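Visitor: First, the structure itself, so that you have it in front of you.
The values are calculated or read from the model by the stated rules, or taken from the named source; none is laboratory data. In this text the structure is predicted, and so the values were computed from the model without any measurement. Counting neighbours? That spans all protein chains shown, and the Cβs are built from the backbone with ideal geometry, glycine included.
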Amino acid sequence: MTTDNKQKYLITSALPYVNGELHLGHLIGCWLPSDIYARFCRACGRDVLYVCGADEHGTPVVVGAMKENMSPFDYSSKYYEKHLRAVKDFNLSFDLYGRTHTELQEKLIHELFLRLDNEGLIEERETLQPFSVDDNMFLADRQLLGTCPKCGYENARGDQCDKCSASYEATELLNPRSAISGSTNIEMRPTKNLFFLASKIEGKWKQWLETHAPKWSKTAIAIAQGWAKEGLQDTSITRDLSWGIPVNKPGYENKVFYVWFDAPWGYVSISQAANKDWETWWKNPDCHYAQFMGKDNVKFHAVLFPEQQLAMNDNWKTVDQLKAMNFLNFEGGKFSKSEKRGVFLDEAVSIAPADAWRYALIASAPETDDTDFTFARFADIVNKDLNGMLGNFVSRVCKLTDKNFGLTVPNAGELDASLTAQVNEKIAELTAALDACEFRAAVVALRSLYAIGNEYMTVKEPWTLVKNGNAEQAGAVLNECFQLIDLYARVSAPFIPDAAEKIQRVFNNTHDLSWPKEFERRIQNGEAFTVPENLFSRIDDARVAELTEKYAKKEDNNVKPVVAKIIAVKNHPSRDDLHLLTVDDGTNHNLQIVCGAPNVRVGLIGVLAPVGCVLPTMKKPISQRTVAGTESFGMMCSAAELGQGNNADEIIELDSDAKIGSIWEIK
RNA sequence: GGGUUAGUAGCUCAGUUGGUUAGAGCGGAGCGCUCAUAACGCUUUGGUCGUGGGUUCAAGUCCUACCUAACCCA
């Protein structure tokens with residue numbers, strides 16, 4: 001234990017997985033709130049250990065690495081580097097942004113496993129797993145593909161179908177094949193795995209839940225209680241995989257620990273790498289432990305990690321404050337790298353400075369429900385709060401003073417009691433909100449503080465006082481304003497660290513950015529100051545439109561009717577009223593279409609509604625279907641079906657110069 | 001299919017244990033100010049609180065069914 005009596009705060013942010021680019025949702029989901037909380041705690045003089053890092057193990061990395069023809073480690077490292085860059089770009093103040101593929105992690109997991117084994121909480125069980133003979137390996141659920149037994153979708157995964165969302169056992173999957181080689185030589189083979197007997201510590205966990213859960217967020221409590229009702233399940237903690245922490249038990253040489261067994265302990269191994277006194281947080285019952293995560297992660301932090309910690313019976317610090325964020329949507333939809341929807345962290349800081357993102361995102365943080373990010377709102381917040389209220393306040397005070405008193409802070413007058421009372425009330429609100437990790441409420445209080453300064457200026461009118469020859473009173477007002485500027489730097493620092501430093505540099509003397517308990521007048525009469533450059537800049541409507549166009553382009557994914565030419569006409573084998581057409585739609589030159597219209601002939605140029613196309617006269621899209629025993633891959637349209645008049649019997653005929661393959665716009 | 005959470009002004013959200021005329025910011029409208037970054041301040045306009053039932057002297061708040069969305073689980 002350390003000798004100082006500063007309160008210990010352990011803060012962790014969920015470990016992002018090294019698979020794909022991170023976006024604004026990851027930033028607001030756990031990184032940003034945890035960073036603001038950590039900065040606030042440090043400013044309050046608390047002894048903070050704040051860690052995060054990359055979660056590197058598990059099947060998706062193996063699959064991703066194979067696709068990119070890299071080793072899992074190189075693949076993981078590639079994304080780890082991207083994480084590191086984002087951490088730097090957004091001023092995230094982790095003591096260490098580590099990773100889970102380290103020697104420390106391996107040593108820790110091995111120790112923990114032996115301990116669990118000694119406690120009698122590990123059991124060997126044999127299960128049947130799909131084995132790919134050609135790949136010479138067992139396949140995890142997502143490495144196995146096949147046809148869904150429920151809906152017939154051909155690219156269903158081993159455990160569930162992405163199309164109809166049915167779930168099933170791997171043995172039920174039809175025509176199973178390996179996602180790695182495509183081989184269909186799949187056998188169900190017995191394999192031994194180690195199970196963690198969570199059911200044995202259910203009582204201990206439930207007791208723990210009762211004393212800890214009341215301090216958590218509503219969602220977290222609900223999820224944990226749901227699990228408490230169902231009871232804890234014994235879970236397999238080993239996998240037939242080569243990438244991960246090797247299992248330190250004879251007979252398990254080809255297996256690794258399941259990623260969700262090792263990942264949470266990354267908090268500990270990263271702490272070990274970050275601070276040699278890590279045990280003064282992790283083994284200290286008086287330490288306050290706050291965890292930040294997205295809502296999809298609650299189960300692991302409220303159930304799996306604590307149950308493991310308790311099972312160790314080794315005085316591990318468990319979570320006190322569990323803060324789960326909901327998801328951030330983007331301009332009405334989900335973020336998607338493949339569809340180019342959304343701002344990703346590799347380019348966000350080229351759009352606006354880190355502080356603008358930090359403030360705008362936390363101001364509309366998805367605390368109670370999923371929230372939609374829009375550039376219009378982003379611009380509103382930046383323009384109004386940061387630019388108009390905070391930046392402009394600093395600017396107007398400095399410039400007015402410079403004009404009338406020069407570059408020194410005018411002498412103070414009597415303390416303005418009502419101003420002090422107002423400010424102190426808001427400081428108290430802000431402090432309470434941050435302690436409770438209620439970030440929206442915190443921003444409301446912060447905003448109110450900014451508003452107080454502007455209102456004070458407007459009411460006191462120091463420029464009028466100067467004009468009326470009342471320089472002393474004007475100076476006293478401006479002195480209060482400089483005290484406010486100092487205050488703003490301090491209370492803004494956890495949210496917008498870069499701007500806070502710039503504000504503090506207005507004063508030639510150095511003042512720390514410690515957290516104020518109340519409104520203090522730290523700026524001395526006659527203290528020199530500098531008029532700063534504008535702290536923030538506006539995002540105008542044109543820029544909003546430009547950004548929306550670039551990042552939130554409303555992709556029209558609907559399949560459109562196309563101009564197509566009939567190149568062959570045959571009679572239908574079984575129905576006299578139907579014809580079998582061969583149609584050229586520009587990309588596919590011999591589409592088979594079944595058509596009943598009387599006016600079909602070779603060379604006719606008409607309009608084809610391809611599979612997936614929704615016509616104005618129909619509710620459902622055209623499907624690929626069998627008409628009277630013959631497959632039809634679309635439909636030749638009549639004028640009526642295209643919303644052009646009443647002719648529903650004959651297919652529409654276009655002029656001979658219509659371009660085959662071009663989209664036929666429905667008017 | 002089961003569980004959980006959410007659905008409140010044009011937009012983004014507050015609304016503690018059910019209790020007088022449902023709040024805030026943005027946007028819109030108007031006024032003021034001119035020290036300041038077309039910025040600031042003040043006033044004002046917006047709501048059958050997802051839908052249908054029910055409990056109650058009283059429901060945004062409790063119960064129930066349904067609709068919509070998200071997450072977790074199967």
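Visitor: Can you name the residue in region A:198-217 that is touching a residue at least 60 places away in the same chain (Cβ under 8 Å) and over 32 Å from the mean Cα position of the chain (by Cα) and, of all such residues, is surrounded by the fewest Cβ atoms within 10 Å (Cβ to Cβ)?
Guide: Per the stated criteria, the residue is A:204.
Visitor: Looking at region A:20-30, is at least one residue in contact (Cβ under 8 Å) with a residue 40 or more places away in the chain, surrounded by 24 or more Cβ atoms within 10 Å (Cβ to Cβ) and over 25 Å from residue A:328 (Cα atoms)?
Guide: Scanning region A:20-30, I find no residue that is in contact (Cβ under 8 Å) with a residue 40 or more places away in the chain, surrounded by 24 or more Cβ atoms within 10 Å (Cβ to Cβ) and over 25 Å from residue A:328 (Cα atoms), so the answer is no.
Visitor: What pairs come up if the first residue lies in region A:511-535 and is over 18 Å from residue A:391 (Cα atoms), the second is of a type in the set (Ser, Thr, Tyr), and their beta carbons are under 7 Å apart, counting only those six or more places apart or on different chains?
Guide: A:519/A:420; A:526/A:408; A:527/A:408; A:528/A:408
Visitor: The conditions are (1) of a type in the set (D, E, K, R); (2) in a loop (DSSP other than H, G, I, E, B); (3) farther than 23 Å from residue A:445 by Cβ; (4) near RNA strand B (Cβ under 7 Å from one of its atoms), and residue A:372 fails exactly one of them. Which is it?
Guide: (2)
Visitor: Condition first: at pLDDT below 95, hydrophobic (A, V, I, L, M, F, W, C) and over 27 Å from residue A:479 (Cα atoms). Can you find one or more residues in region A:438-450 that meet it?
Guide: Yes, region A:438-450 contains at least one residue that is at pLDDT below 95, hydrophobic (A, V, I, L, M, F, W, C) and over 27 Å from residue A:479 (Cα atoms).
Visitor: Next question. For residue A:357, are the conditions met, namely being more than 9 Å from RNA strand B (Cβ to nearest atom) and within 30 Å of residue A:208 (Cα to Cα)? Before the answer, list the steps.
Guide: Details: more than 9 Å from RNA strand B (Cβ to nearest atom): yes; within 30 Å of residue A:208 (Cα to Cα): no.
Considered against the rule, which asks whether it is more than 9 Å from RNA strand B (Cβ to nearest atom) and within 30 Å of residue A:208 (Cα to Cα), residue A:357 comes out as no.
Visitor: Residues in region A:237-253: is at least one within 24 Å of the chain's Cα centre (by Cα), β-branched (Val, Ile, Thr) and modelled with pLDDT under 95?
Guide: The answer is no; no qualifying residue exists.
Visitor: Looking only at region A:74-86, which residues are of a type in the set (A, V, I, L, M, F, W, C) and touching a residue at least 40 places away in the same chain (Cβ under 8 Å)?
Guide: We begin by selecting, within region A:74-86, every residue of a type in the set (A, V, I, L, M, F, W, C); these are A:84, A:86.
The answer is A:86, and nothing else.
Visitor: Which one is nearest to RNA strand B (Cβ to nearest atom) among residues in region A:527-542 that are among the charged types (D, E, K, R) and surrounded by 12 or more Cβ atoms within 10 Å (Cβ to Cβ)? Steps first, answer last, please.
Guide: Filtering region A:527-542 for residues among the charged types (D, E, K, R) gives A:527, A:533, A:538, A:540-541.
Next, from what is left, pick out any that are surrounded by 12 or more Cβ atoms within 10 Å (Cβ to Cβ): A:527, A:538.
Working: A:527: 19, A:538: 5 Å.
If we take residues in region A:527-542 being among the charged types (D, E, K, R) and surrounded by 12 or more Cβ atoms within 10 Å (Cβ to Cβ), then A:538 is nearest to RNA strand B (Cβ to nearest atom).
Visitor: Here is a follow-up. Go through (1) in a helix (DSSP H, G or I); (2) of a type in the set (Gly, Ala, Ser); (3) touching a residue at least 60 places away in the same chain (Cβ under 8 Å) for residue A:64 and report which single condition fails.
Guide: The number of the failed condition is (3).
Visitor: So which residues in region A:312-336 are loosely packed, with under 14 Cβ neighbours inside 10 Å and either within 15 Å of RNA strand B (Cβ to nearest atom) or modelled with pLDDT under 90 (or both)?
Guide: A:332, A:336, listed by residue number.
Visitor: While we're looking at this one, here's another question. Out of the residues in region A:375-390 that are within 8 Å of RNA strand B (Cβ to nearest atom) and surrounded by 23 or more Cβ atoms within 10 Å (Cβ to Cβ), state the one that is farthest from residue A:551 (Cα to Cα).
Guide: So the residue we want is A:390.
Visitor: Can you say whether residue A:317 is among the charged types (D, E, K, R) and either out of contact with any Pro (no Cβ under 9 Å at 6 or more places or on another chain) or part of a helix (DSSP H, G or I) (or both), as far as the supplied structure shows? Reasoning before the result, please.
Guide: On the way: among the charged types (D, E, K, R): yes; either out of contact with any Pro (no Cβ under 9 Å at 6 or more places or on another chain) or part of a helix (DSSP H, G or I) (or both): no.
Here the answer is no, as residue A:317 does not meet what is asked.
Visitor: Determine whether region A:44-51 contains at least one residue that is closer than 20 Å to residue A:265 by Cα, in a helix (DSSP H, G or I) and touching a residue at least 24 places away in the same chain (Cβ under 8 Å).
Guide: Here is the first cut: in region A:44-51, the residues closer than 20 Å to residue A:265 by Cα are A:48-51.
Of the ones still in play, those that are also in a helix (DSSP H, G or I) are none.
Looking through region A:44-51, none of the residues is closer than 20 Å to residue A:265 by Cα, in a helix (DSSP H, G or I) and touching a residue at least 24 places away in the same chain (Cβ under 8 Å).
Visitor: Would you mind finding the one in A:428, A:432, A:442, A:451 that is under 21 Å from residue A:397 (Cα atoms) and assigned to a helix (DSSP H, G or I)? Explain how you work it out, then say what you get.
Guide: Details: A:428 fails: under 21 Å from residue A:397 (Cα atoms); A:432 fails: under 21 Å from residue A:397 (Cα atoms); A:442 fails: under 21 Å from residue A:397 (Cα atoms).
Answer to the selection: A:451.
Visitor: Can you find even one residue in region A:337-350 that is near RNA strand B (Cβ under 9 Å from one of its atoms) and crowded, with 19+ Cβ neighbours inside 10 Å?
Guide: As a first pass, look at region A:337-350 and keep what is near RNA strand B (Cβ under 9 Å from one of its atoms): none.
Within region A:337-350 (the criterion being near RNA strand B (Cβ under 9 Å from one of its atoms) and crowded, with 19+ Cβ neighbours inside 10 Å), the answer is no, since none of the residues qualifies.
Visitor: What residue, of A:431, A:401, is touching a strand residue (DSSP E or B) at 6+ places or on another chain (Cβ under 8 Å) and more than 7 Å from RNA strand B (Cβ to nearest atom)?
Guide: On the way: A:431 fails: touching a strand residue (DSSP E or B) at 6+ places or on another chain (Cβ under 8 Å).
So the residue among A:431, A:401 that is touching a strand residue (DSSP E or B) at 6+ places or on another chain (Cβ under 8 Å) and more than 7 Å from RNA strand B (Cβ to nearest atom) is A:401.
Visitor: If you don't mind, there's one more thing I want to ask. Just the residues that are within 9 Å of RNA strand B (Cβ to nearest atom), farther than 17 Å from residue A:391 by Cα and crowded, with 23+ Cβ neighbours inside 10 Å, please, taken from region A:436-492.
Guide: The one that is within 9 Å of RNA strand B (Cβ to nearest atom), farther than 17 Å from residue A:391 by Cα and crowded, with 23+ Cβ neighbours inside 10 Å: A:462.
Visitor: Suppose the filter is within 14 Å of RNA strand B (Cβ to nearest atom) and surrounded by 16 or more Cβ atoms within 10 Å (Cβ to Cβ); does residue A:284 pass it? Don't jump to the end; show me each part of the working.
Guide: Details: within 14 Å of RNA strand B (Cβ to nearest atom): no; surrounded by 16 or more Cβ atoms within 10 Å (Cβ to Cβ): yes.
For residue A:284, the condition - within 14 Å of RNA strand B (Cβ to nearest atom) and surrounded by 16 or more Cβ atoms within 10 Å (Cβ to Cβ) - is not met.
Visitor: Inspect region A:410-422 for any residue being touching a residue at least 60 places away in the same chain (Cβ under 8 Å), in a helix (DSSP H, G or I) and of a type in the set (A, V, I, L, M, F, W, C) and give the result as yes or no. It would help to see each step written out before you state the result.
Guide: At the first step, the residues of region A:410-422 found to be touching a residue at least 60 places away in the same chain (Cβ under 8 Å) are A:410-416, A:419-420.
Adding the requirement that they be in a helix (DSSP H, G or I) leaves A:419-420.
Now restrict to residues that are of a type in the set (A, V, I, L, M, F, W, C): A:419.
Yes: region A:410-422 contains one or more residues that are touching a residue at least 60 places away in the same chain (Cβ under 8 Å), in a helix (DSSP H, G or I) and of a type in the set (A, V, I, L, M, F, W, C).
Visitor: Restricting attention to region A:325-340, does a residue exist that is touching a strand residue (DSSP E or B) at 6+ places or on another chain (Cβ under 8 Å) and within 20 Å of residue A:226 (Cα to Cα)? Quick ask: steps written out before the conclusion?
Guide: Step one: list which residues in region A:325-340 are touching a strand residue (DSSP E or B) at 6+ places or on another chain (Cβ under 8 Å), which gives A:325-335, A:337.
In the following step, the residues that additionally are within 20 Å of residue A:226 (Cα to Cα) were identified as A:325-326.
The answer is yes, given that some residue of region A:325-340 is touching a strand residue (DSSP E or B) at 6+ places or on another chain (Cβ under 8 Å) and within 20 Å of residue A:226 (Cα to Cα).
Visitor: Identify the single condition in (1) under 18 Å from residue A:264 (Cβ atoms); (2) touching a Pro at 6+ places or on another chain (Cβ under 8 Å); (3) within 16 Å of RNA strand B (Cβ to nearest atom) that residue A:205 does not satisfy, given that it satisfies every other one.
Guide: Result: residue A:205 passes all but (3).
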